[in-house]
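Student: Following this message is one structure expressed as structure tokens.
The values are calculated or read from the model by the stated rules, or taken from the named source; none is laboratory data. Predicted model, so just to flag it, every value in this text is computed and none were measured. Neighbour counts run over all protein chains shown; Cβ positions are idealised from the backbone, glycine included.
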Amino acid sequence: MTTWLATVDPLFAHGVTAAVLIIVLVKVVVGFAALMGSVTLMIWFERKAISDMQSRIGPQRWGPFGILQTLADGIKLFFKEDLVPAEADRFTFKLAPYLVLVPALITFAIVPIGGTVDIAGHPVLLQVANPPIGILLMLAMSGISVYGVILAGWSSGSKYPLMSAVRASAQMISYEAALGMTIVTIVLATGSLSTHDIVAAQAHGVWHWNLIRLGVVPFVVFLIAITAELNRPPFDVVEAETELVGGFHTEYSSLRFALFFLAEFMNTITMSAIIVTLFLGGPAGWVPNIAHVRWVFPILWFLAKTVGFAFAYVWFRAALPRFRYDQLMDLGWKRLIPLSLGWMLIVAGFLIRASWGFLMAAMVILAWTVLTRAFTLGQSREEGRDALLPTVGERPLPGRVLRAWTDREKD
Amino acid sequence: MIATAYAIPSVLVFLTAALLILVGAVGVLAMRNPVHSALSLIMTLFGVAVAFVAQSADFLAAVQVIVYAGAIVVLFLFVIMFLGVDRREDVRVEPLVGQRVFAGIGVVITVAGLITLLARSHWVTGAIAVSSSGRALSTGSGNVTQLGGAVFTTYLFAFEATAALLIIAVVGAVLLARRERAADAPGGDA
């Protein structure tokens, strides 16, 4: 038992003693507190950044620059009346917020935020846990958090939340496939599932980062797919205010609503951290040779990269219009899944031998041509109202839509 | 070996997993609401994942949660929500006449088969993580390597056959579900 634990975490090399237990507990508590603290900051940061981009002032009343606004909001929500709709399925209604929150917390546990530190003679990895299944834990947890959204929408016993739930279930399944495929590409190149090994393989400079080593395609696919998994704009059809009132949390109030809100922002932070871990070398970066504080610099690098992605998400929300639902499905199934699958095959080929890589690339191009032909054939066979809706990337210009309608009137 | 196998922690883990599996399985049958049944099914799947981890099959545990809990039951819920959950099925009416008799016979055969299997094979319960060849399963990240090796060498044919079967199922489902729109709306205003 002890031996295999030591292979995943050097902390357990000499068995599980009281000191080791205390270190693990401290790691859990510090990780939890850091995540909670950063969520508060993230909510404030998002509101402030968005308001700057929209030429508003944003939160400014509580604390310097309104930094305590989230705390005030939390207190307000805490004291609001907790309503359960009469039509609701009570047990599921109360369960759903936790199904969103708990996976968000667990996923952060596998993110390495720094190197290895010596505490009282024990080598300690600066991540809460390093399970052998590593990155698969993230996939599993994102699969579980879907239930929170689906069950919240269904159990509300209301029309719009139910629509939101159906949308959520379809969207999550569509984008999880592309997500998994890009993760497979990374795992193939690394040769290990554990996040610690993935980060260690990228530690020797920028050219070893997966972002560059695997070509930029997996990174782009992953970024798009993870944004869809997060239900963040431009993929927030699940909580599209203009169509669905508030989406799955329309009927929620008080603390339960706060839990959904908390989980959403926590997921944003965690997924930024996961992108950094998988593609940007996690805590990798330049470390000046100063005694005793060398361990601080990887953490700073990690924080800087994560904040960069957190800002990117805020920027997406301010800049991009929401996808239409059929465009969302098109992008997931027709573009991202074939692209990530093809790229994975090419990477796998190059990992064996260059000639295999080129052979794979030729095969993928051939398959791509056939697939494109199939799509155009399928599209031309479509008749009826759907034919008026163009696919992703095209804008339905009013003139064209009108012409399509009038042409049909003539027939 | 026996002493380590029946240490208190592993017994506790086994009991928890068994409880999750059994309560979930009974819940699937006993719940009146199909969504609650689906929830119970997730509970069972989690219990099985815990049992896999206890047998140091970490990869299987992860796949169990990702594929079954993360995708398949989500699809179940999707279908339940689309078809409407408010419709209560009357269990006294048999849509297929005589199905209960056949179901009973099926259950008897399955249970008898299980009992003979259990009686004739040697028991590996208690000895943690033994592969079919009797070698110890490697733990940690070696586990995935071992599984991959087995799937792509010894069991390659079965693996590829399963893949082909799934593709056939998907193509068949699309063929059955897809209708020509022009055919069912001759007026053109579909």
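Student: Looking only at segment A:153-167, which residues are more than 9 Å from chain B (Cβ to nearest Cβ) and within 21 Å of A:R90 (Cβ to Cβ)?
Tutor: A:S156, A:G157, A:S158, A:K159, A:Y160, A:P161, A:S164
Student: Does A:M181 satisfy the condition of being touching a Ser or Thr at 6+ places or on another chain (Cβ under 6 Å) and in contact (Cβ under 8 Å) with a residue 40 or more places away in the chain?
Tutor: So A:M181 fits the description; yes.
Student: Still on this model: Considering A:R317, A:R335, which residue is assigned to a helix (DSSP H, G or I), modelled with pLDDT under 90 and in the same structural domain as A:V187 (by TED's automatic domain parsing)?
Tutor: Result: A:R317 is the single residue among A:R317, A:R335 that is assigned to a helix (DSSP H, G or I), modelled with pLDDT under 90 and in the same structural domain as A:V187 (by TED's automatic domain parsing).
Student: Still on this structure, please answer the following. Hey, can you tell me all the residues within segment A:73-93 that are away from chain B (no Cβ under 13 Å) and farther than 30 Å from A:G58 by Cβ?
Tutor: Across segment A:73-93, the qualifying residues are A:V84, A:P85, A:A86.
Student: List every residue pair whose Cβ atoms lie under 8 Å apart, where the two residues are 6 or more positions apart in sequence or sit on different chains, the first residue falls within segment B:52-70 and is at positive phi and facing chain A (nearest Cβ under 9 Å), and the second residue, located anywhere, is in a helix (DSSP H, G or I) and modelled with pLDDT under 85.
Tutor: Here the result reads B:S56/A:W4; B:S56/B:N143, each pair linking segment B:52-70 to a residue that is in a helix (DSSP H, G or I) and modelled with pLDDT under 85.
Student: Please enumerate the residues belonging to segment B:21-38 that are within 14 Å of another protein chain (Cβ to nearest Cβ) and of a type in the set (A, V, I, L, M).
Tutor: Scanning segment B:21-38 gives B:M31, B:V35, B:A38.
Student: Further question on the same structure: Identify all residues within segment A:172-181 that are under 23 Å from A:E243 (Cβ atoms), more than 8 Å from chain B (Cβ to nearest Cβ) and surrounded by fewer than 24 Cβ atoms within 10 Å (Cβ to Cβ); write none if there are none.
Tutor: Scanning segment A:172-181 gives a single hit, A:S174.
Student: Go through (1) without any contact (Cβ under 8 Å) to a residue 24 or more places away in the chain; (2) closer than 22 Å to A:F219 by Cβ for A:V347 and report which single condition fails.
Tutor: If we test A:V347 against (1) without any contact (Cβ under 8 Å) to a residue 24 or more places away in the chain; (2) closer than 22 Å to A:F219 by Cβ, just (1) comes out false.
Student: Restricting to segment B:148-187, give me the number of residues that are at pLDDT 80 or above and in a loop (DSSP other than H, G, I, E, B).
Tutor: 3
Student: Separate question: Just to be sure before I move on: is B:I42 part of a helix (DSSP H, G or I), surrounded by fewer than 18 Cβ atoms within 10 Å (Cβ to Cβ), modelled with pLDDT of 80 or more and within 10 Å of chain A (Cβ to nearest Cβ) in the structure I sent?
Tutor: Spelling it out, it is not the case that B:I42 is part of a helix (DSSP H, G or I), surrounded by fewer than 18 Cβ atoms within 10 Å (Cβ to Cβ), modelled with pLDDT of 80 or more and within 10 Å of chain A (Cβ to nearest Cβ).
Student: A:L99 versus (1) assigned to a helix (DSSP H, G or I); (2) without any contact (Cβ under 8 Å) to a residue 12 or more places away in the chain: which is the lone unmet condition?
Tutor: Single failed check for A:L99: (2).
Student: Separate question: Which of the residues belonging to segment A:197-237 are under 22 Å from A:A361 (Cβ atoms) and basic (K, R)?
Tutor: A:R213
Student: Looking at A:V217, is it within 18 Å of A:P338 (Cα to Cα) and at pLDDT 80 or above?
Tutor: Yes, satisfied.
Student: Any chance you could count how many residues in segment A:346-360 are of a type in the set (G, A, S) and farther than 15 Å from A:T185 by Cβ?
Tutor: The number of residues fulfilling the criteria is 2.
Student: Same structure again: Which of the residues belonging to segment A:13-44 are exposed (fewer than 12 other Cβ atoms within 10 Å of the Cβ) and aliphatic (A, V, I, L, M)?
Tutor: Across segment A:13-44, the qualifying residues are A:A18, A:L21, A:L25, A:V29, A:A33.
Student: Among the candidates A:L193, A:L139, single out the residue that is part of a helix (DSSP H, G or I) and in the same structural domain as A:L223 (by TED's automatic domain parsing).
Tutor: A:L139
Student: Give the residues of segment A:56-74 that are surrounded by 13 or more Cβ atoms within 10 Å (Cβ to Cβ), assigned to a helix (DSSP H, G or I) and either over 28 Å from the mean Cα position of the chain (by Cα) or aliphatic (A, V, I, L, M) (or both), sorted by residue number.
Tutor: If the condition is that a residue be surrounded by 13 or more Cβ atoms within 10 Å (Cβ to Cβ), assigned to a helix (DSSP H, G or I) and either over 28 Å from the mean Cα position of the chain (by Cα) or aliphatic (A, V, I, L, M) (or both), then A:L71, A:A72 are the ones that fit.
Student: Residue check, B:P9 against (1) surrounded by fewer than 16 Cβ atoms within 10 Å (Cβ to Cβ); (2) within 12 Å of chain A (Cβ to nearest Cβ); (3) at pLDDT 85 or above, all met but one. Which one?
Tutor: The one condition B:P9 does not meet is (3).
Student: Within segment A:239-266, track down each residue that is farther than 18 Å from A:M42 by Cβ, assigned to a helix (DSSP H, G or I) and either of a type in the set (S, T, Y) or within 15 Å of the chain's Cα centre (by Cα) (or both).
Tutor: A:T242, A:S254
Student: Would you mention how many residues in segment A:182-211 are surrounded by fewer than 23 Cβ atoms within 10 Å (Cβ to Cβ), within 14 Å of chain B (Cβ to nearest Cβ) and within 25 Å of A:G332 (Cβ to Cβ)?
Tutor: Here the count works out to 3.
Student: Cβ contacts < 6 Å: first residue within 7 Å of chain B (Cβ to nearest Cβ) and within 15 Å of B:L60 (Cβ to Cβ), restricted to segment A:131-143; second residue among the acidic types (D, E) and surrounded by 24 or more Cβ atoms within 10 Å (Cβ to Cβ), any location; separation 6+ or different chain. Result?
Tutor: Cβ pairs passing all conditions: A:P132/B:D58; A:I133/B:D58.
Student: If I ask for residues that are without any contact (Cβ under 8 Å) to a residue 40 or more places away in the chain and among the β-branched types (V, I, T), which ones from segment A:277-295 would you list?
Tutor: Of everything in segment A:277-295, those that are without any contact (Cβ under 8 Å) to a residue 40 or more places away in the chain and among the β-branched types (V, I, T) turn out to be A:V287, A:I290, A:V293.
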